[in-house]
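For reference, the structure discussed in these notes is given below.
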Amino acid sequence: MITREGLYASSDTLGAMGDAIEALLIDRGNSQQQSCSAANRIVVGISNRLGGCQGYMPEHRERAPKAVCFLHELTESIEQALETIPYFCSQAEILSPAITECLRKTFSGVNIYIPMGASKNTFDRNAKVLADFYQGTSIFELSKKHKRSIQCIYQIIAAERKKNKAQRDMKQGQI
């Protein structure tokens, strides 16, 4: 999975979606930079619109009528996101079904959960959580402040500590 700045830090599903979308856009002749940027914005659009829902990606559309409704909502979300991207807005109606089909094939036959609130500010939020924790803010207060569960706050702190340790170790190796 390609690591993008903070966007997919909390979800492998969103990361896999972003990778599939980016690959499709590159295959259609778009630059790596345009494709990566568009994939980020599309995934954020999907998360903002459909976040918190679980959907089934059918192997065959005709065998899963309820899943077709989810795929239709997914296509609409993708189209709305594409319309906000200057170099893709004219192709939104054509690209959105193609991207949905690509995602259906990527996740074929499985249920996927689309998390709420995927954002490019995940790294900033996580760093702020750790800084606040080091300044003495309790886990409970952090949970309320950042609107995350207590378990999520513990996971953020653990992940940030691990990331900081890896960065320190890497710098130690360079010296």
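No value in this document is a laboratory result; all are computed from the given coordinates. Worth saying up front: this structure is predicted, and the values here are computed from it rather than measured. Cβ atoms come from the backbone with ideal geometry, glycine included; neighbour counts cover every protein chain shown.
The distance from the alpha carbon centre of segment 154-172 to that of segment 18-36 is 31 Å, rounded to a whole number.
Relative protection proxy for 97-109, 71-83, from highest mean packing down: 71-83, 97-109 (other beta-carbon atoms within 10 angstrom). Estimated from helices alone, the mean residue ellipticity of the chain at 222 nm is -21500 deg cm²/dmol (sum of -39500 (n - 2.57) over DSSP H runs with n ≥ 4, per residue).
Just to verify a number: FRET efficiency for Arg161 and His60, C-beta to C-beta distance, R0 = 35 Å, to 0.05?
That pair, Arg161 with His60, gives E of 0.15.
Can you tell me the relative contact order of the chain? Whole percent, Cα pairs under 8 Å, sequence separation 6 or more. Relative contact order here is 25 percent. Translational diffusion coefficient of segment 15-133 (Stokes-Einstein, Kirkwood radius from Cα pairs, 37 °C, 0.692 mPa s): 220 µm²/s. Given labels modelled 7 Å from the Cα in the Cβ direction, how far is it in nm from Gln33 to Thr137? Going from the Gln33 label point to the Thr137 one covers 3.6 nm. In this label model, Lys144 and Tyr113 are separated by 2.7 nm, measuring between points 7 Å along each Cα→Cβ vector. Packing-based ranking of 34-43, 84-93, 18-27 yields 34-43, 18-27, 84-93, ordered from highest to lowest mean Cβ neighbour count within 10 Å.
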